[in-house]
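First up is the structure itself, then whatever we jot down about it.
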Amino acid sequence: MKSSMVPGIKNSLTHKVQLDETVPHLFGGRAEIKAMPEVLASGNMIGLMECCCIGAMAPHLDEGEGSLGVAFNISHEAATPVGLTVTVEATLEKVEGRLLTFAVTAHDGVDVIGRGTHGRMVVGWEKFMGKLAKKAAG
């Protein structure tokens, strides 16, 4: 991780909500959620927040590094129908060794739909993938 990874780094992204990102389409449309309204799924909103944080970090990582989401304290405050555009903003609040904490918000042009904090751990991909392969092998 470069020394430029300091609190105050910001990023934003926009994303138009698609039908396959709504609750009834999670996990292949499982029976438990098939009758739910076609609104942006909480997990997908959080995924957009992760993408925004990853984008903020990218210029400040060394070759072969990435990050993993390790902490989520997010509220989902309003429903967003298909077709609206979500804007996500992330600001790096804390750097504690390899653990980074971001403040995140999401807005759909009408309401703040989500907010909270998100923690990401900086990792070396080679070491991580080695551990993952060992775990998968049993």
| message | Just checking, does the stretch 42-54 include any residue being aliphatic (A, V, I, L, M), outside any helix (DSSP H, G or I) and buried (at least 19 other Cβ atoms within 10 Å of the Cβ)? | response | no
| query | List, please: which pairs have Cβ atoms under 9 Å, are six or more places apart or on different chains, and start with a residue in the stretch 11-37 that is touching a residue at least 24 places away in the same chain (Cβ under 8 Å) and part of a loop (DSSP other than H, G, I, E, B) and end with one that is buried (at least 18 other Cβ atoms within 10 Å of the Cβ) and of a type in the set (Asp, Glu)? | reply | Val17/Asp108
| note | Filter the stretch 75-126 for residues that are under 15 Å from Asn44 (Cβ atoms), β-branched (Val, Ile, Thr) and part of a strand (DSSP E or B); the one that is farthest from the chain's Cα centre (by Cα) is Thr85
| Subset of the stretch 1-10 [in a loop (DSSP other than H, G, I, E, B) and closer than 21 Å to Val88 by Cα] | Met5, Val6, Pro7, Gly8, Ile9
| Of residues in the stretch 1-35 being aliphatic (A, V, I, L, M) and modelled with pLDDT of 95 or more, the one surrounded by the most Cβ atoms within 10 Å (Cβ to Cβ) | Val17
| query | Which one of Gly66, Gly83, Gly114, Gly138 is surrounded by fewer than 16 Cβ atoms within 10 Å (Cβ to Cβ), of a type in the set (Gly, Ala, Ser) and in contact with a helix residue (DSSP H, G or I) (Cβ under 6 Å, 6 or more places away or on another chain)? | reply | Gly66
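For every residue, the table says whether it meets (1) touching a strand residue (DSSP E or B) at 6+ places or on another chain (Cβ under 6 Å); (2) of a type in the set (Ser, Thr, Tyr); (3) without any contact (Cβ under 8 Å) to a residue 40 or more places away in the chain; (4) within 18 Å of Ser12 (Cα to Cα).
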{"position": "Ile54", "(1), (2), (3), (4)": "no, no, no, yes"}
{"position": "Ser75", "(1), (2), (3), (4)": "yes, yes, no, no"}
{"position": "Ala78", "(1), (2), (3), (4)": "yes, no, yes, no"}
{"position": "Gly83", "(1), (2), (3), (4)": "no, no, no, no"}
{"position": "Val95", "(1), (2), (3), (4)": "no, no, no, no"}
{"position": "Asp111", "(1), (2), (3), (4)": "no, no, yes, yes"}
{"position": "Lys131", "(1), (2), (3), (4)": "no, no, yes, no"}
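The values are calculated or read from the model by the stated rules, or taken from the named source; none is laboratory data. Just so it is clear, the structure is predicted and the values come from calculations on it, not from any experiment. Every residue, glycine as well, gets a Cβ built from its backbone with ideal geometry; the counts of neighbours run over all protein chains shown.
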